[in-house]
1. When VAL28 is evaluated against the numbered criteria (1) in a helix (DSSP H, G or I); (2) exposed (fewer than 15 other Cβ atoms within 10 Å of the Cβ); (3) in contact (Cβ under 8 Å) with a residue 12 or more places away in the chain, which criterion, by number, is the only one it fails?
2. If a residue must be crowded, with 17+ Cβ neighbours inside 10 Å and in a helix (DSSP H, G or I), how many such residues does region 57-75 contain?
3. Which members of region 31-56 meet the condition of being touching a residue at least 12 places away in the same chain (Cβ under 8 Å) and in a loop (DSSP other than H, G, I, E, B)?
4. Considering every residue within region 48-65, establish whether at least one is touching a strand residue (DSSP E or B) at 6+ places or on another chain (Cβ under 8 Å) and basic (Lys, Arg).
Amino acid sequence: MISKEEVQKVLDEVRPSLQADGGDVELVDFKDDKVYLRLQGHCRGCAYSQMTLKMGIERILKKKLSDKIEVVGVQ
């Protein structure tokens, strides 16, 4: 079973890329293989925010932790 700490560790690896573009990501919750994330800064209002969540962060979490993980964006 994947822990919230493991998810946070992967997010910490992704964070510098987001911060380079003036954004960030916050782990809101993790339960039932769903990762609830809140984009911050420039990423929050970006037209590509859903692509960042799904094609970027979710893809990396699936690769490093489990292919069952689903990322859900929250406000």
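1. The single condition VAL28 does not satisfy is (1).
2. Filtering region 57-75 down to residues crowded, with 17+ Cβ neighbours inside 10 Å leaves 57-58, 60-61, 65, 69, 71, 73.
After this cut, where a residue has to be in a helix (DSSP H, G or I) as well, the list is 57-58, 60-61.
So the count comes out to 4.
3. ASP33, CYS46 - these are the residues of region 31-56 that are touching a residue at least 12 places away in the same chain (Cβ under 8 Å) and in a loop (DSSP other than H, G, I, E, B).
4. Looking only at region 48-65, we keep the residues that are touching a strand residue (DSSP E or B) at 6+ places or on another chain (Cβ under 8 Å), and these are 49-50, 52-54, 57-58, 61.
From what's left, basic (Lys, Arg): 54.
Yes: one or more hits.
Read-outs: derived from the displayed coordinates by stated rules, not from any lab. All values reported here derive from a predicted model rather than from experimental measurement. Positions of Cβ are backbone-derived with ideal geometry, glycine not excepted, and every protein chain shown enters the neighbour counts.
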